[in-house]
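One structure is given here, and the rest of the page talks about it.
The values are calculated or read from the model by the stated rules, or taken from the named source; none is laboratory data. These figures come from a predicted structure and were not determined experimentally. Reconstructed Cβ throughout: ideal geometry from the backbone, glycine too, with neighbour counts over all protein chains shown.
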């Protein structure tokens, strides 16, 4: 993301270093909460602190995008239900087709996105404060948006780089799908950054 977008990014390793660096940084113009090897049901102290910190920022009007674990962590903080998936989880074994169900981030309803998948938990029930903007046969709430605050999140991994897609995905992916996956991921991130500029 740093290489592709002309935006000042900083990275905070909250699981090992806590949220102090976030607190010291002051006011960010937007947040992206990424994935984790942990899961929400563990209720680790850093998870609780991060969820509270970012939830307060969202409620104060700071645009935020949750990705995979970030998608689940913040949805949980806003009252959604997170559950372990009942099918066998597939951690970065391939990609999946996600259908946008309402216009979002400059992407039109009914467009399909090819995105990297890798998760063992998912949102099983939304609170009334959210609506779904993307879905797939494997995951009902692929993308969600808060009704009142500038918060969006996605279950798949739009941040996956070409090297990650090339080297870390276990399933053999045709070259055209690799290119589509990277391009579609950039569309999601780019759309969020453009949306964030409005706040």
statement: For the stretch 13-27 the number of residues that are under 26 Å from residue 191 (Cα atoms) and either in contact (Cβ under 8 Å) with a residue 40 or more places away in the chain or surrounded by fewer than 16 Cβ atoms within 10 Å (Cβ to Cβ) (or both) is 4
- prompt: Could you list, in sequence order, the residues of the stretch 72-104 that are modelled with pLDDT of 95 or more, part of a loop (DSSP other than H, G, I, E, B) and farther than 15 Å from residue 155 by Cα?
  reply: 78, 79, 102, 103
- prompt: (1) touching a helix residue (DSSP H, G or I) at 6+ places or on another chain (Cβ under 9 Å); (2) over 20 Å from residue 79 (Cβ atoms): which one isn't true of residue 45, the others all being true?
  reply: (1)
query: Is it true that residue 8 is part of a loop (DSSP other than H, G, I, E, B), out of contact with any strand residue (DSSP E or B) (no Cβ under 8 Å at 6 or more places or on another chain), modelled with pLDDT under 95 and more than 16 Å from residue 159 (Cβ to Cβ)?
result: yes
task: Within the stretch 129-139, work out how many residues are touching a residue at least 12 places away in the same chain (Cβ under 8 Å) and either farther than 18 Å from residue 70 by Cβ or not in a strand (DSSP E or B) (or both).
output: 5
task: Determine if the stretch 108-126 includes at least one residue that is out of contact with any strand residue (DSSP E or B) (no Cβ under 7 Å at 6 or more places or on another chain), farther than 21 Å from residue 57 by Cα and in contact (Cβ under 8 Å) with a residue 12 or more places away in the chain.
output: yes
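When you look at residue 141, is it touching a helix residue (DSSP H, G or I) at 6+ places or on another chain (Cβ under 9 Å) and farther than 16 Å from residue 34 by Cα, yes or no?
Numbers: touching a helix residue (DSSP H, G or I) at 6+ places or on another chain (Cβ under 9 Å): yes; farther than 16 Å from residue 34 by Cα: yes.
Answer is yes for this residue.
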- request: Identify, by number, the condition in (1) within 24 Å of residue 10 (Cα to Cα); (2) modelled with pLDDT of 95 or more; (3) touching a strand residue (DSSP E or B) at 6+ places or on another chain (Cβ under 9 Å) that residue 35 doesn't meet.
  value: (2)
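Looking at the stretch 49-71 only, could you name the residues that are surrounded by 13 or more Cβ atoms within 10 Å (Cβ to Cβ) and either more than 21 Å from residue 147 (Cβ to Cβ) or without any contact (Cβ under 8 Å) to a residue 60 or more places away in the chain (or both)?
Scanning the stretch 49-71 gives 49, 50, 51, 53, 54, 55, 57, 68, 69.
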- line: Within the stretch 28-39, residues being surrounded by 14 or more Cβ atoms within 10 Å (Cβ to Cβ) and over 25 Å from residue 118 (Cβ atoms) number 1
field: Failed criterion for residue 160 (all others in (1) at negative phi; (2) exposed (fewer than 13 other Cβ atoms within 10 Å of the Cβ); (3) assigned to a loop (DSSP other than H, G, I, E, B) hold)
entry: (2)
- request: Restricting attention to the stretch 167-185, report how many residues are within 18 Å of the chain's Cα centre (by Cα) and surrounded by fewer than 17 Cβ atoms within 10 Å (Cβ to Cβ).
  value: 1
message: Restricting to the stretch 105-117, name every residue that is at negative phi and in a loop (DSSP other than H, G, I, E, B).
response: 108, 109, 111
query: Is there any pair with a first residue in the stretch 177-199 that is free of Cβ contacts under 8 Å to residues at least 24 places away in the same chain and at negative phi and a second that is crowded, with 17+ Cβ neighbours inside 10 Å and assigned to a helix (DSSP H, G or I) whose Cβ atoms are under 7 Å apart and which are 6 or more apart or on different chains, and what are they?
result: 178/165; 182/165
